[in-house]
Structure formats: structure tokens, C-alpha cells
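> Supplied in C-alpha cells, the structure appears directly below.
The values are calculated or read from the model by the stated rules, or taken from the named source; none is laboratory data. All of these numbers come straight from a predicted model, not from anything done at the bench. A quick note on method: Cβ atoms are made from the backbone with ideal geometry, for glycine too, and the neighbour counts reach across all protein chains shown. Accessible surface areas use protein heavy atoms only, side chains included; no ligands, DNA or RNA. Shrake-Rupley method; radii C 1.70, N 1.55, O 1.52, S 1.80 Å.
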Amino acid sequence: MTKSATPAKKTPATDTTVPRSRDWARFFAAALRHPGLVGAIAPSSQALARRMSAHVPTSGNPTVVEIGAGTGVFTRELRSRVPSWGRVIAVERDAGLAAHVEATCPGVDVVYGDAARLRELLACRDVSTVDAVVCGLPWSLLPEADQRAVLGEVAGVLAEGASFTTFAYAHATAIAGARRFRAVLGETFAQVRAEPVVWRNVPPALTYVAREPVAGGPVATAG
């Protein structure tokens, strides 16, 4: 996970709704470009988006970060829940998807970059701590070193009491990459809760909500 983290140029965006067909087109284009980094077979559902955003603050002046914005399904839900004076920052390492999210998610700060450099990306925006992180990365496909790198970065930016929410496909939780991720997640956070399966998603998915980063964070390993 070493791609350049040059922020995407900001352009005005006016779309407030996005036809599902446009999400599918962008999704499959990204899958063709990076088949090893797109772990889904379809864009996430609105039901999963609602679950993923359930723990973000809905009052005050929060800063919420999304990692792996994809086609913007979670991004739009986050923007609708976070107060208008709050801040939503969406990080996406695929240039085409980053441009799509920027064009279709008004009021979102889209960052084209690698989440393994999250603290650096946020520092460029004068952000040191955030009130929630939501992540749609395909964890089971990532090497352990990348899992540890991203989770370490997340742990390093969460404010006290803030939550980290991510998901896994229910049918794949027993495979090696998913089990490895669950173990690293437990090393990174003192509290990890698995929530019920969201059946209205293809494939069905369960969510993890984690809090209280462990002092020192995960230790990166080679491989």
C-alpha cells in the first residue's frame, strides 16, 4: 500500500442523488483496474450503509473519516447523518472512485490517498483527531502487514470515546485473511463488538464496532 497520496483537486459538486447504475458502472470499472483490492461482488446496500453509520455523532461539530469510500454509498449516508457544520472526510486510493465520490457527494472532503498514511493525510487538512472512522476496505484480501498498518493509523487518530466501524462478509469470516484481521482488530482495540448480520446486502455482511485503542497499537510485521 504505497501509492502516492496526492489529494484530489476539489471541484464543485451538485448531485444529491446518484442513480444506482452509475454506482455499478464505477464499481465494475474499479474492479477491473484493481481486482485484488475490490473484495465485493456489488456495491454495498443502503441497509449496510445505515448500519455502518449508526455510531457516528449526529450532534455537535464532529469530524468523521471514511476509509475506502468506493462508489460513495456509505459516504452519502454519513453526510446525511453528520450535522451540516460537521466534517466528513472520505479517503479513497482508486483515482476513478475518488473522482466519482467527489462529483456525487456534495459537502464531503475527498482525499485521494492510502489509508496506511492516514495521519499524514489528515495532518495536511489540519486534523489530528477524529470522532469516528468508518471503513469499507476488503480486509480479508489484505496482507497482515497492511491490515496492521491501517488499523494502527486508525487507532492513532481516534479521539477518546470515538468508534471505528467496519464490516466483513458473513460467508467469509472463516477464511484465513478474515480470521487474521479479526485477531489484529482485537490486538488494536480493547473493545470489539460484532453486530448482527445485515441480510439485505449482497453478500450478507456483519459489522464490527471497536473502541479504546490499546496502548502502543498493533505491531507491523513483514509479509
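For every residue, the table says whether it meets (1) in contact with a strand residue (DSSP E or B) (Cβ under 7 Å, 6 or more places away or on another chain); (2) farther than 26 Å from ALA149 by Cβ; (3) modelled with pLDDT of 95 or more.
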site: GLY39; (1), (2), (3): no, no, no
site: ARG50; (1), (2), (3): no, yes, yes
site: SER59; (1), (2), (3): no, yes, yes
site: PRO62; (1), (2), (3): yes, no, yes
site: ILE89; (1), (2), (3): yes, no, yes
site: GLU102; (1), (2), (3): yes, no, yes
site: TYR112; (1), (2), (3): yes, no, yes
site: ARG117; (1), (2), (3): no, no, yes
site: THR129; (1), (2), (3): yes, no, yes
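> Separate question: It is to be established whether one or more residues within segment 156-166 are of a type in the set (Asp, Glu), open to solvent by 30 Å² or more (accessible area, probe 1.4 Å) and in contact with a Pro (Cβ under 8 Å, 6 or more places away or on another chain).
Among the residues of segment 156-166, not one is of a type in the set (Asp, Glu), open to solvent by 30 Å² or more (accessible area, probe 1.4 Å) and in contact with a Pro (Cβ under 8 Å, 6 or more places away or on another chain), which makes the answer no.
Listed here are the residues, each with its yes/no results for (1) open to solvent by 30 Å² or more (accessible area, probe 1.4 Å); (2) closer than 24 Å to VAL88 by Cβ; (3) outside any helix (DSSP H, G or I).
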{"site": "SER140", "(1), (2), (3)": "yes, no, no"}
{"site": "ALA145", "(1), (2), (3)": "no, no, no"}
{"site": "ARG148", "(1), (2), (3)": "no, no, no"}
{"site": "LEU151", "(1), (2), (3)": "no, yes, no"}
{"site": "VAL184", "(1), (2), (3)": "no, no, no"}
{"site": "THR207", "(1), (2), (3)": "no, yes, yes"}
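> Go through (1) free of Cβ contacts under 8 Å to residues at least 12 places away in the same chain; (2) touching an Asp or Glu at 6+ places or on another chain (Cβ under 7 Å) and name the single condition ARG180 misses.
Single failed check for ARG180: (1).
> I'd like the full set of residues that are part of a helix (DSSP H, G or I), hydrophobic (A, V, I, L, M, F, W, C), free of Cβ contacts under 8 Å to residues at least 60 places away in the same chain and surrounded by 18 or more Cβ atoms within 10 Å (Cβ to Cβ), limited to segment 74-129.
Once the filter is applied, which keeps residues that are part of a helix (DSSP H, G or I), hydrophobic (A, V, I, L, M, F, W, C), free of Cβ contacts under 8 Å to residues at least 60 places away in the same chain and surrounded by 18 or more Cβ atoms within 10 Å (Cβ to Cβ), segment 74-129 yields LEU78, VAL101, LEU118, LEU122.
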